[in-house]
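Novice: One structure coming up, written as structure tokens, with questions to follow.
Rule-based calculations on the coordinates, nothing more; no lab input. This structure is a prediction, so every number in the text was calculated from the model and none was measured. Because the Cβ atoms are built from the backbone with ideal geometry, glycine has one as well, and the counts that use them run over all protein chains shown.
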There are 2 protein chains.
Amino acid sequence: MKIAILIYDGFTALDAIGPYEVLRSVPGWEVEFVGKTRGEVRTDSGAVGLCADRGMAEVTSAGILLVPGGSGNRELLEDRELLAWLREVDRTTTWTTSVCTGSLLLGAAGLLERRRATGHWLFLEQLREYGADPVGGRYVEDGKVITAAGVSAGIDMALYLVGREAGPEVAQAVQLGIEYDPDPPFDAGSPEKAPAAVVEAVSAIARDG
Amino acid sequence: MKIAILIYDGFTALDAIGPYEVLRSVPGWEVEFVGKTRGEVRTDSGAVGLCADRGMAEVTSAGILLVPGGSGNRELLEDRELLAWLREVDRTTTWTTSVCTGSLLLGAAGLLERRRATGHWLFLEQLREYGADPVGGRYVEDGKVITAAGVSAGIDMALYLVGREAGPEVAQAVQLGIEYDPDPPFDAGSPEKAPAAVVEAVSAIARDG
């Protein structure tokens, strides 16, 4: 299975690296990081760069396409060349997937029309602009499109995908290999679980920038 | 708080990027990726490179030092220059931390003597060679040293660290921001929970390379 992970300036590193670590652990599966062009791509924090080994022009197909989120993608929502590339690769995929606000990019490319989908909880409603039906959930499968919730949800989605494509034993081996037995010291990972004041504070930051 | 994350050829990307995504989300905290020298560093899979913006010679102190694991660190266990750098930075830190087999590097630097510590479940016993007491657990705090279990455990450890240093409300806001409400589709993230055949398969890969 060939996996293409799109990266762009301002993407969120864990959106991409969480699923990467799962998918690259499957024997025979091969991950490539694809930028608009080859070269260094900086994350949203600016604190680290990842290397895109391939540019969009070099990659025209994939078994799995994965689109991470990140504040840098807002200006890409009207990038015709990038959206055309997403549609082109999607025509070849077994699975087209996104993490966090990566679903906005899939939506802008027209790939979520009349599909149930998810994304970061702060940006769910925006999916309606693209004809999608925003539903909750850690990850949402509709046909060959799987969208995951915010940032860390890509790990869960990728394990699900490995289970579907390579079988549960392989997925369990990958989970054990990365010792994914989560035990967060707080229970505030969703707006339903976090204290109201924390939800308001995080919402305010997103609203006011 | 200044955070220095060491990266080296053959490190495991999620070991570094999981905690990075948590720590970089704290207002005022600043993360730097440090390589032996500046420039691209490839992960253990070879499928992606990260950019070290700083070389060791440029970074002589940190509030938090974080050392990820990865198969590439075996040859570093006798790298005098690197081990001396770890000791030098450790003298300045509030917290010295590791993820996965990063604890082997802390051990080789002499920083785990007579300390309780953890690491990837496959490499726990090796910590005894460095005078450490390998105990189980998602992360283990002993004095100012916190070691985390395999790969994904760095996310939990980093949230704990944010809670300790910046308070529980900030840690909860970070957890909500990265929507860390884990829900893996399988329950095989530790050798106690995974089916015996899966544990044996993963152990055999580690044994036989």
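Novice: List the number of the failed condition for A:Y180; all other conditions in (1) among the hydroxyl-bearing types (S, T, Y); (2) in contact with a helix residue (DSSP H, G or I) (Cβ under 6 Å, 6 or more places away or on another chain); (3) closer than 25 Å to B:V202 by Cβ hold.
Specialist: Result: A:Y180 fails condition (2) only.
Novice: With among the β-branched types (V, I, T) and within 10 Å of another protein chain (Cβ to nearest Cβ) as the only criterion, which of B:V41, B:V26, B:V59, B:V34 stands out?
Specialist: B:V41
Novice: Here's another thing I want to ask about it. I need the full set of residues from region B:70-86 which are crowded, with 20+ Cβ neighbours inside 10 Å and of a type in the set (S, T, Y), in order please.
Specialist: Once the filter is applied, which keeps residues that are crowded, with 20+ Cβ neighbours inside 10 Å and of a type in the set (S, T, Y), region B:70-86 yields nothing.
Novice: Which of the residues that make up region A:1-42 are of a type in the set (G, A, S), within 19 Å of A:L77 (Cβ to Cβ) and touching a helix residue (DSSP H, G or I) at 6+ places or on another chain (Cβ under 6 Å)?
Specialist: A:G10
Novice: Then there is this: Anything in region A:87-118 that is surrounded by fewer than 23 Cβ atoms within 10 Å (Cβ to Cβ), touching a helix residue (DSSP H, G or I) at 6+ places or on another chain (Cβ under 7 Å) and in a helix (DSSP H, G or I)? List them, or say none.
Specialist: Residue satisfying the conditions is A:A108 alone.
Novice: Related question: Against the definition (more than 7 Å from every other protein chain (Cβ to nearest Cβ) and free of Cβ contacts under 8 Å to residues at least 60 places away in the same chain), how does B:E125 come out, yes or no?
Specialist: For B:E125, the condition - more than 7 Å from every other protein chain (Cβ to nearest Cβ) and free of Cβ contacts under 8 Å to residues at least 60 places away in the same chain - is met.
Novice: In region B:160-180, which residues are in a helix (DSSP H, G or I) and either within 20 Å of B:D142 (Cα to Cα) or more than 7 Å from chain A (Cβ to nearest Cβ) (or both)?
Specialist: The answer is B:Y160, B:L161, B:V162, B:G163, B:R164, B:E165, B:A166, B:V170, B:V174.
Novice: Check A:T147 against each of (1) more than 25 Å from A:Y180 (Cα to Cα); (2) in contact with a Phe, Trp or Tyr (Cβ under 9 Å, 6 or more places away or on another chain); (3) polar (S, T, N, Q) and name the one condition it does not meet.
Specialist: (1)
Novice: Of a type outside the set (A, V, I, L, M), more than 10 Å from every other protein chain (Cβ to nearest Cβ) and in contact (Cβ under 8 Å) with a residue 24 or more places away in the chain: is that true of B:G143 in this structure?
Specialist: Judged against the criteria, B:G143 is a match.
Novice: What number of residues in region A:55-69 are free of Cβ contacts under 8 Å to residues at least 24 places away in the same chain and surrounded by 13 or more Cβ atoms within 10 Å (Cβ to Cβ)?
Specialist: So the answer is 1.
Novice: I need the full set of residues from region B:192-203 which are within 7 Å of chain A (Cβ to nearest Cβ) and part of a loop (DSSP other than H, G, I, E, B), in order please.
Specialist: Within region B:192-203, B:K193, B:A194, B:P195 qualify.
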